[in-house]
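The block underneath contains the structure these notes are about, expressed in structure tokens.
The values are calculated or read from the model by the stated rules, or taken from the named source; none is laboratory data. Bear in mind that the values here come from a model prediction, so they are computed numbers and not experimental data. Positions of Cβ are backbone-derived with ideal geometry, glycine not excepted, and every protein chain shown enters the neighbour counts. Each accessible area value is taken on the protein alone, full model and side chains, heavy atoms only, with ligands, DNA and RNA left out. Shrake-Rupley method; radii C 1.70, N 1.55, O 1.52, S 1.80 Å.
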Amino acid sequence: MNANEIIQNEGSYVLQTYVRPPVVFERGEGPYLFDTEGRRYLDFSSGIAVTALGHSDPEWVAAVQDQAAQLAHVSNLYYTAPQVELAQRLVEHSFADRVYFGNTGAEANEAALKFARKAARQRFPGQEKTHIVAFSGSFHGRTMGVLSTTYKEKYRAPFEPLIPGVTFAPFNDLAAARAAINNQTCAVIVEPVQGEGGVRPATAAFLQELRILCDEHHAILIFDEVQCGLGRTGMLWAHEAMGVTPDIMTLAKPLAGGLPIGATLLTQAVADEIGPGDHGSTFAGGPLVCRAALVVLDRVSDPAFLAEVRESAAYFQHRLRTIEVEEIVEVRGSGLLVGIEMRVPVAPLIAAARAEGLLIINAGENVLRIAPSLIVGRAEIDQAVEILATVFAQSSGA
Ligand code: PLP
């Protein structure tokens, strides 16, 4: 099938829940993707912040091939070594004592909400401690449970009624958080750096206040690090820079380097309230994905690797700030999760960048979201900045 046939057949056979540009990707190598016409693209979206080690990383490929040839699946009825090793490594590198595995970011958050509800029911029997506080701009997933905590009305409205008792408080507003969190709250869920909501970092003061309020009201604090976690900010966990730890942290996107995985990390105090049968999944934590994830976690958690991410990020953000174009409102973000807020809709800019061989995405109508792989080098950053500067200049008619 050639590209046109693939695109046509997608229109005929695949449920139309995505709007895609007319390009079919065939192969990836490091920071580059190649389409069916052999055209090379600099991938500065990484499949929405997923391919942290770039495409087809040799060590990752070797681990996946080796594990696939050895054992791919047994379900959670049995023990397998890679799952246990990955859980141990995640615990050793974080605040957490226990790990629950799922298959996606939404699932990791579903598990977090279930665990928070169960913990509240166990600790405060007979009390109505079921409410959840989330924030404006949040994105926690699209399944029926976590959709209730995803802010955008357009994502929620067609599927209501969702789970009751969810309050959205304004993000980064301490007084509003104080007003929203009370003794009926069982969980507070927040992204330390919002992705979909416009690439907006939480302030340290805000996350610290949430910690205080959750302790005061015996609520569970959940940090959704599905997009911002695992090295993306230049720290292993985004919350490390904030001087505060959660009770639960969720991970997904980059963890297995492109294979589907979710992880819900918990303190022992929360884990004590959860028992056999409370949650589960057929595929989760299988040997293939966990072996892939071990490669990613071992590489990304190396302090030298993280130092390089911080250097690349500082260089990239500095170069972006030197682009002088009227339409740029702000360059913001954290590490290699960068947002450029524009005075104009960004869809035409994304299409123009793609035509020049650069892949970037949006975070809302007016914000460009740029998330290269964490191994990105200066030459690629220079190339991307040049393309962006050209595209911005063209769009402003300069
Ligand atoms: N949480 C955050 C912060 C996300 O950015 C996303 C996806 O974009 C999700 C959760 C949902 O992850 P998934 O698409 O793997 O279900």
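For this structure, a couple of remarks:
- For the chain, the per residue solvent-accessible surface stands at 44 Å², with DNA, RNA and ligands left out and a 1.4 Å probe.
- Residue-averaged [θ]222 nm for the chain, counting only DSSP H segments that reach four residues, each worth -39500 (n - 2.57): -11500 deg cm²/dmol
- Distance from the range 245-263 to the range 219-238 (C-alpha centre basis), Å: 9 Å
- Scalar couplings 3J(HN,Hα) for the range 358-366, obtained by applying the Karplus form with A = 6.51, B = -1.76, C = 1.60 to θ = phi - 60°, are 10, 9, 9, 10, 10, 9, x, 5, 10 Hz; x denotes Gly and Pro.
- Using C-alpha pairs under 8 Å with a sequence gap of at least 6, the mean separation divided by the residue count of the chain gives a relative contact order of 22 percent.
- With a Förster radius of 22 Å applied to the C-beta separation of V91 and V61, the computed FRET efficiency comes to 0.25.
- Two-site label geometry, M1 and R39: point separation in nm, points 7 Å out along Cα→Cβ: 2.0 nm
- Taking the range 221-319 and dividing mean pair separation by its residue count, relative contact order in percent (alpha carbons under 8 Å, at least six apart): 30 percent
- Surface share of carbon and sulfur [accessible, 1.4 angstrom probe, percent] for the range 1-84: 56 percent
- DSSP-defined beta bridges in the range 71-300 - what % are antiparallel, rounded to 5: 40 percent
- Local electrostatic count, E273, Cβ distance below 15 Å [Lys/Arg +1, Asp/Glu -1]: +3
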